[in-house]
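Quick notes on the structure that follows.
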Amino acid sequence: MATTEKISHRQLVKVSKFLSFVLRHKPDAIGLTLDAQGWASVSELIKKAPSEMSLTADLIRQVVITNDKQRFSLSEDEQRIRANQGHSIKIDLGLTPKEPPPVLYHGTATRFLASILREGLHPGQRHHVHLSLDMKTATSVGQRYGKPVVLQVASGEMYRQGYEFFLSENGVWLTEIVPPGFLARLE
Ligand code: HQG
């Protein structure tokens, strides 16, 4: 029983990584087409996915439902799927600007700190800078690249000065850039 669960968890993670790759970064890799809002046809995705994914509509639904960060959304009729954030390809998520909480957090690795405090936060390959609502989430985001460090972002002040913020479907705050003057390092 435990083995079955383990394999199935591993399969869910494998499919989640595959979906992140094609829906956020490289639909071309399997000849998939996304529309302007980032949606892909579920049947086309199943047809074009590598056979080792053993992709089915049911497996896709399981990944969407169980995903730890709720990375994907299915359309109501379950015919289409998209990633909720994190894209490097140009798509329009159709998010409306929204007033952020007074403070947000950005987790990064210590080796990026000097550059960030000098230049501010830049989106890099992605569309937006990603900000977290709490320090715990920010710490785990930072851990992906090395020894984590958390920066506090004066999002309320930025908003008052005219910077736009968006809240993704899965609770990640997005903004275009964060100039260094709105950043403070947390110990
Ligand atoms: C850093 C994950 C030097 C920035 C997470 C980050 C997130 C700079 C890296 C989502 C810099 C970009 C996004 C500057 C920014 N100088 N380094 N001026 N400005 N950086 O992966 O925010 O699991 O593109 O600090 O949970 O780490 O994929 O962004 O370290 O929500 O769903 O450049 O990805 O979600 O890295 O992560 P990323 P991120 P998923």
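The values are calculated or read from the model by the stated rules, or taken from the named source; none is laboratory data. Just so we're clear, the structure is a prediction, and the values are computed from it rather than from any experiment. Ideal geometry is used to build each Cβ from the backbone, glycine not excepted, and the neighbour counts take in all protein chains shown. Side chains included, ligands, DNA and RNA excluded: accessible areas come from the protein's heavy atoms. Shrake-Rupley method; radii C 1.70, N 1.55, O 1.52, S 1.80 Å.
Structure values in brief
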| read-out | value |
| --- | --- |
| All positions within segment 11-29 that are open to solvent by less than 20 Å² (accessible area, probe 1.4 Å) and touching a residue at least 60 places away in the same chain (Cβ under 8 Å) | 19, 20, 23, 27 |
| Residues (open to solvent by less than 30 Å² (accessible area, probe 1.4 Å) and among the hydroxyl-bearing types (Ser, Thr, Tyr)) located in segment 95-118 | 108 |
| Residue ID - modelled with the lowest pLDDT, chosen from residues in segment 148-169 that are over 20 Å from residue 119 (Cα atoms), open to solvent by 30 Å² or more (accessible area, probe 1.4 Å) and in contact with a strand residue (DSSP E or B) (Cβ under 9 Å, 6 or more places away or on another chain) | 169 |
| Which listed residue is without any contact (Cβ under 8 Å) to a residue 60 or more places away in the chain, of a type in the set (Asp, Glu), open to solvent by 70 Å² or more (accessible area, probe 1.4 Å) and away from the ligand (no atom under 13 Å from the Cβ), from 68, 92 | 92 |
| Qualifying positions in segment 76-89 - surrounded by 12 or more Cβ atoms within 10 Å (Cβ to Cβ) and either charged (D, E, K, R) or more than 9 Å from the ligand (Cβ to nearest atom) (or both) | 78, 79, 80, 81, 82, 87, 89 |
| Of the criteria (1) more than 13 Å from residue 173 (Cα to Cα); (2) β-branched (Val, Ile, Thr); (3) touching a helix residue (DSSP H, G or I) at 6+ places or on another chain (Cβ under 8 Å), which one residue 65 fails | (3) |
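So that you can scan it fast, the table gives a plain yes or no per residue for (1) at positive phi; (2) touching a His at 6+ places or on another chain (Cβ under 9 Å); (3) not charged (D, E, K, R):
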site: 114; (1), (2), (3): no, no, yes
site: 122; (1), (2), (3): no, no, yes
site: 129; (1), (2), (3): no, yes, yes
site: 134; (1), (2), (3): no, no, no
site: 149; (1), (2), (3): no, no, yes
site: 172; (1), (2), (3): no, yes, yes
